[in-house]
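The values are calculated or read from the model by the stated rules, or taken from the named source; none is laboratory data. All values derive from a computational prediction rather than experimental measurement. We place every Cβ from the backbone using ideal geometry, glycine too, and count neighbours over all the protein chains shown. When the accessible area is computed, the model is the full protein with side chains, heavy atoms only, and any ligands, DNA or RNA have been set aside. Shrake-Rupley method; radii C 1.70, N 1.55, O 1.52, S 1.80 Å.
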Amino acid sequence: MLLIHCPYCEETLPEAEFTYAGQAHIIRPENPSGQTDDQWEEFLFIRANPKGPHYERWRHFHGCGRFFNAVRDTVSDKFLTTYKAGAPRPDLSTLLPEGQK
Amino acid sequence: MSAPISQKAPGVLAASTAAEIALAAPCARLSLRARGDLAPLNAALGLTLPTRIGQVVPAGERQVICLGPDEWMIHAPSDDTAAIASACADAYATLPHSLVDVSAREVTLTIKGAHAAELLTIGCARDIDGIPVGEGRRTFFDGQTVILWRDGDTAFRMDVWNSFSGHVFDLLKTGCAELAAEHA
Ligand SMILES: [Zn+2]
């Protein structure tokens, strides 16, 4: 079982307490009625599908209930970091070990 | 289907040499959500709301646990509900908040005995020893969200939604018997 660090509880806890919630840093349009069909398609459906580090949302569902963000390597399933919702996207070069940058 | 635990009388429901599971007497359960300067609510409740998740603050017969950055659960005697509600209502003008009576939603099972912590591991993936005595955590027990309070090394309380309590109790009862056989 994966162990995930909740940035609100400040504890590293079993995956069973968490739910996955899709790609992170998808910005809602400021003016929804001004969006074109293509922009809506991009917002609603187009997602990254990286082989490697992925910025994604998780929720500590059976715990503090908070949504937060994580960087997880989709190949190794290793969490590189987790951070509070609203915090800036962390720089990958600071997360990856030497030699993998 | 097992009958809801709330239909049973409070008292011991299952016991073995490993652990004892009892239904606690009904109490007031109030879910509180608030953000900002908590001073008006602290004054209204007569306690200091804990701000670290998992921290428990007892105040007389009232007890409050911090469940999230802006969420608490208050336990109190059943006849205390109106007093808490009216005191918090008076604080509403200075600190808007949500206070919801969820007393009927949950029941509390007390789990104690030499192997109480081990018994909890049959449904909880968390490291039970990571919960200090005098604190609690909202966590996961065999598919259900529960609040687990640790009152002592071998004494716990588990708040579980009434509709899931039959299932949770049946599992604990089975574990109680199995652990007794294993440690016999
Ligand atoms: Zn959490």
### Summary
Quick count over the stretch B:93-102, residues being exposed (fewer than 15 other Cβ atoms within 10 Å of the Cβ) and not in a strand (DSSP E or B), is 4
### Query
Does the stretch A:8-22 contain at least one residue that is closer than 30 Å to residue B:67 by Cα and away from the ligand (no atom under 16 Å from the Cβ)?
yes
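If you take the residues in the stretch B:43-55 that are of a type outside the set (A, V, I, L, M) and away from chain A (no Cβ under 12 Å), which one is farthest from the ligand (Cβ to nearest atom)?
From the stretch B:43-55, those of a type outside the set (A, V, I, L, M) are B:46, B:48, B:50-52, B:54-55; that's our starting set.
From the residues that got through so far, the ones that are away from chain A (no Cβ under 12 Å) too are B:46, B:48, B:50.
On the way: B:46: 28, B:48: 22, B:50: 15 Å.
Going through the qualifying residues, I end up with B:46.
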### Message
Filter the stretch A:1-56 down to the residues that are in contact (Cβ under 8 Å) with a residue 12 or more places away in the chain, among the acidic types (Asp, Glu) and away from chain B (no Cβ under 14 Å) and list them by number.
### Response
A:56
#### Entry: Residue under evaluation residue B:58, criteria (1) in contact (Cβ under 8 Å) with a residue 40 or more places away in the chain; (2) open to solvent by 30 Å² or more (accessible area, probe 1.4 Å); (3) away from chain A (no Cβ under 14 Å), criterion not met
(1)
### Message
If a residue must be out of contact with any strand residue (DSSP E or B) (no Cβ under 8 Å at 6 or more places or on another chain) and either open to solvent by 60 Å² or more (accessible area, probe 1.4 Å) or at positive phi (or both), how many such residues does the stretch B:2-25 contain?
### Response
3
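Of the residues B:145, B:139, B:174, only one is part of a strand (DSSP E or B), surrounded by fewer than 23 Cβ atoms within 10 Å (Cβ to Cβ) and among the β-branched types (Val, Ile, Thr); which?
On the way: B:139 fails: surrounded by fewer than 23 Cβ atoms within 10 Å (Cβ to Cβ); B:174 fails: part of a strand (DSSP E or B).
After applying the criteria, what remains is B:145.
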### Task
Could you please give the count of residues in the stretch A:59-88 that are open to solvent by less than 20 Å² (accessible area, probe 1.4 Å), within 15 Å of the ligand (Cβ to nearest atom) and among the hydrophobic types (A, V, I, L, M, F, W, C)?
3
